[in-house]
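Before any comments, here is the structure.
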Amino acid sequence: MMTENDVKQLLIDTGAILEGHFLLTSGLHSPLYVEKFQVLQYPEHTASMCAALAEKFAGDQVELVIGPVTGGILLAHEVGKNLKTRAIFTERENGRMTLRRGFTIKPGERVLIVEDIVTTGGSVKEVLEVVREHGGIAVGVGLLVDRSGGTVDFGIPAKSLLQLQVQTYSQDDCPLCQEQIPMTKRGSKNIK
């Protein structure tokens with residue numbers, strides 16, 4: 001079983017933990033960013049982290065694993081493989097998270113939601129809504145990294161491989177902006 005220290009060291013060793021001034025997909029600013037694809041580019045690391053994540057939900061009778069595009073595709077596949085379930089993903093269509101590609105969630109199906117990095121939990125909450133709209137029963141949320149320090153609440157059990165307590169700031173309150181430290185935008189959403 002991977003420990004939190006193992007996961008953190010793996011992220012450091014692969015260059016996934018970055019320091020600086022970052023604009024997050026949530027719109028918040030942060031002095032730390034986790035570039036998940038620096039670690040996920042290594043199939044053996046992805047497999048070992050997902051096996052550890054699957055272990056956390058082994059007794060929950062999971063029937064389906066789902067994650068949001070993009071990192072969630074890899075995680076859902078690997079966690080689903082370990083739990084011997086189907087694995088699907090959600091995508092945005094017209095700005096709304098949805099199922100495409102013929103994917104279905106059966107009414108009453110026990111669903112585990114997986115995500116790579118969470119700060120505010122916005123994407124996970126959108127996937128949770130998709131699960132509920134289709135009649136699925138969300139039994140938990142599995143996270144590689146919880147940047148909220150455990151404060152994000154999905155209303156169902158959430159378990160992470162690594163919890164980080166990272167300060168985030170609104171643009172108006174950001175000391176990094178006040179110090180005029182150049183900002184880097186990370187992530188995949190367009191932020192205005």
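The values are calculated or read from the model by the stated rules, or taken from the named source; none is laboratory data. For clarity, every value in this text was computed on a predicted model and none was experimentally measured. All Cβ positions, glycine included, derive from the backbone under ideal geometry; neighbour counts span all protein chains shown. When the accessible area is computed, the model is the full protein with side chains, heavy atoms only, and any ligands, DNA or RNA have been set aside. Shrake-Rupley method; radii C 1.70, N 1.55, O 1.52, S 1.80 Å.
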Can you find even one residue in the stretch 56-78 that is under 20 Å from Gln163 (Cβ atoms) and free of Cβ contacts under 8 Å to residues at least 24 places away in the same chain? no
Being out of contact with any helix residue (DSSP H, G or I) (no Cβ under 7 Å at 6 or more places or on another chain) and open to solvent by less than 30 Å² (accessible area, probe 1.4 Å) is the filter here; which residues of the stretch 36-54 pass it? Ala52
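Per-residue answers, yes or no, for (1) of a type in the set (Val, Ile, Thr); (2) within 18 Å of Val62 (Cα to Cα); (3) open to solvent by less than 50 Å² (accessible area, probe 1.4 Å):
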site	(1), (2), (3)
Thr104	yes, yes, no
Val111	yes, yes, yes
Asp116	no, no, yes
Glu129	no, yes, no
Leu143	no, yes, yes
Gln180	no, no, no
Within the stretch 152-188, residues closer than 14 Å to Gly122 by Cα, out of contact with any strand residue (DSSP E or B) (no Cβ under 9 Å at 6 or more places or on another chain) and either of a type outside the set (D, E, K, R) or modelled with pLDDT under 90 (or both) come out as Ser188
